[in-house]
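Presented below is the structure to which this report refers.
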Amino acid sequence: MDWQVRKDGGRLIGQPRGRVDETTWEKFSNDLIAAVREAAAAGLPLTVDLTGLDYMSSRGLRALTMAKREAGDAVAITLAGPNERMREILAISRYDKLFEIVDDVGL
Amino acid sequence: MLVRFWGTRGSLPVAQRAEAIRAKVVRALVAADGRRFASEDEAAAFAQENLDFATYGAFGGATSCVEVEGADEAFMICDMGSGLREFGIDAMRRCAGGHARTYHFFMSHMHWDHIMGFPFFAPAFDANATIVVHSGHADAEEALRRQQEEISFPVPFDWLRATFEFVQHKPGEVVEVDGVEVTLVVQHHSHDSYGYRFARHGRSVIYSTDSEHKLDNMDSEAAFESFFKDADLVICDTMYSLGDSVSLKQDWGHSSNIVAVDLCHAAHAKKLALFHHEPTYSDEDIARMHAETVRYEELVRAERPALEVICAYDGLEVTV
């Protein structure tokens, strides 16, 4: 799993690529938490660009939860551009009730 | 081994209300679309083949009680939820046919929904019965005795006629019980709970209910992957959605269908039985949860062999 982060349009955008499973979730979690802290320090919201992500298992979903807890009220987290598979996973896990999900990153 | 589910509901027994039955009948009549049936058997066959389980059947509402058949002679039962009453009636029938009157119980924990069937367990009144209660807890006997006290129930424990033995086990120890290897694992739940692995003739069954898998304790996750390893059947607490289990219902001591699938995948388990169903769920809700879990397994399976996901219901039998 690859991870890139950039600032764009008054927000921080983190972009994972590949899949998040039992072999890659720790890197994803660490990168995501670092992005939350960077966004908090800069006073920016965080968009997680999911367009390059194949899927994530519960390990990845739980990393999202850890990030949300780290963010608290300081950083708003939005999930953007999930593919059909990710959209199904977010719905089945009911994470679509925990996170704001938008269709595209809106560059 | 043969696994019989006598109670599969979590937390509180539930019963079908009239409107739920009416809805099933209505859906069946609409599906029949004017057909005529020569007999009830013919109608039953139509229902089996053409209606979904939530319409022609029901998942049931008795709380946790699962029989694992496969010991040399004795009965082996996980938990004493309200499903125990039905098991007790059936066990008396089998004993009348010559079955040994020894009962080995394996207690996940002593919360009310897991012991409430015991006061109605008819074999406890059989002077020729031996009842052995295996637990990881030191206070299993106290919990059963307290439940029979007069303020809660009219029949005190000491009036029961069976011979009782209470055995406390340590997690990780392998004990042989009437030809079956049994191992315990401690689980995250209020006052702790214990999961069990039953193994015989190269086959294994896991009973893991009332077990929360915490986000921030991946060492524990690895321990469960090891405990579930290569199991033929994993009976797993799937009471909540993952979203609920990490938010509103965090620290309520239960797990999700999502985590159950991922643990079974990592452990290379062969079959997962969804268990300890949320009491507020209708049959349609449980069927939907089952379908979603099957779909989730497909979505994250990758190169692994398929994990069969079944949904436990009161009366289900699974051969392992």
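The values are calculated or read from the model by the stated rules, or taken from the named source; none is laboratory data. Not measured: the values here are computed from a predicted model. Backbone-built Cβ (ideal geometry, glycine too); neighbour counts: all protein chains shown.
Things worth noting here:
- Selection count where residues are under 19 Å from B:Ala54 (Cβ atoms) and either of a type in the set (D, E, K, R) or in a helix (DSSP H, G or I) (or both), scope the stretch B:263-295: 14
- Qualifying residues in the stretch B:209-222 (those that are more than 9 Å from every other protein chain (Cβ to nearest Cβ) and not in a loop (DSSP other than H, G, I, E, B)) - the one nearest to B:Asp113 (Cα to Cα): B:Ser220
- When residues of the stretch A:78-107 are limited to those that are away from chain B (no Cβ under 14 Å) and of a type in the set (A, V, I, L, M), the one farthest from the chain's Cα centre (by Cα): A:Leu107
- Test: residue in the stretch B:164-174 that is within 30 Å of B:Ala222 (Cα to Cα), surrounded by 16 or more Cβ atoms within 10 Å (Cβ to Cβ) and among the hydrophobic types (A, V, I, L, M, F, W, C): no
- In the stretch B:92-116, the residues that are on the phi < 0 side of the Ramachandran plot reach residues that are β-branched (Val, Ile, Thr) and not in a strand (DSSP E or B) with C-beta atoms within less than 7 angstrom, at least six apart or across chains, in these pairs: B:Ser108/B:Thr209.
- A single entry from B:Glu292, B:Glu225 fulfils the requirement of being within 13 Å of chain A (Cβ to nearest Cβ), of a type outside the set (Phe, Trp, Tyr), touching a Leu at 6+ places or on another chain (Cβ under 7 Å) and in contact (Cβ under 8 Å) with a residue 12 or more places away in the chain: B:Glu225.
- Hits in the stretch B:109-142 - residues which are among the hydroxyl-bearing types (Ser, Thr, Tyr) and crowded, with 21+ Cβ neighbours inside 10 Å: B:Ser135
- Counted residues, the stretch A:28-68 - those being of a type in the set (Lys, Arg) and either at positive phi or modelled with pLDDT of 95 or more (or both): 2
- On inspection, B:Ile89 fails the criterion of being under 19 Å from B:Val318 (Cα atoms) and either in a helix (DSSP H, G or I) or in contact with a His (Cβ under 9 Å, 6 or more places away or on another chain) (or both).
- From B:Ala306, B:Ala260, B:Ala302, residue being modelled with pLDDT of 95 or more, closer than 24 Å to A:Tyr55 by Cα, over 20 Å from the mean Cα position of the chain (by Cα) and among the small types (Gly, Ala, Ser): B:Ala306
- Among the conditions (1) closer than 26 Å to B:Asn217 by Cα; (2) part of a helix (DSSP H, G or I); (3) within 14 Å of chain B (Cβ to nearest Cβ), A:Ala40 misses just one, which is (3).
- Check on A:Arg69, surrounded by fewer than 17 Cβ atoms within 10 Å (Cβ to Cβ) and in contact with a Phe, Trp or Tyr (Cβ under 8 Å, 6 or more places away or on another chain): no
- Residue that is farther than 17 Å from B:Ile310 by Cβ and either surrounded by 24 or more Cβ atoms within 10 Å (Cβ to Cβ) or free of Cβ contacts under 8 Å to residues at least 12 places away in the same chain (or both), where the choices are B:Ala74, B:Ala44: B:Ala44
- Looking across the stretch B:261-296, the residues that are of a type in the set (Asp, Glu) and more than 17 Å from B:Asp230 (Cα to Cα) come down to B:Glu278, B:Asp283, B:Glu284, B:Asp285, B:Glu292.
- Filter result for the condition that a residue is in contact with a strand residue (DSSP E or B) (Cβ under 6 Å, 6 or more places away or on another chain), away from chain B (no Cβ under 13 Å) and either closer than 21 Å to B:Glu298 by Cα or in a helix (DSSP H, G or I) (or both), over A:Asp31, A:Asp54: A:Asp31
- Residue in the stretch B:240-261 that is in a strand (DSSP E or B), within 14 Å of chain A (Cβ to nearest Cβ) and surrounded by 24 or more Cβ atoms within 10 Å (Cβ to Cβ) present: yes
- Residue match in the stretch B:263-277 (condition: within 14 Å of chain A (Cβ to nearest Cβ), of a type in the set (Gly, Ala, Ser), free of Cβ contacts under 8 Å to residues at least 60 places away in the same chain and touching a Ser or Thr at 6+ places or on another chain (Cβ under 6 Å)): no
- Members of the stretch A:16-38 that are under 11 Å from the mean Cα position of the chain (by Cα) and small (Gly, Ala, Ser): A:Ser29, A:Ala35
- Any hit, the stretch B:101-122, residues being over 23 Å from B:Gly7 (Cβ atoms) and in contact with a strand residue (DSSP E or B) (Cβ under 8 Å, 6 or more places away or on another chain): no
- When B:Glu150, B:Glu181, B:Glu176 are screened for being touching a Lys or Arg at 6+ places or on another chain (Cβ under 7 Å) and either free of Cβ contacts under 8 Å to residues at least 40 places away in the same chain or within 23 Å of B:Ser211 (Cβ to Cβ) (or both), only B:Glu181 passes.
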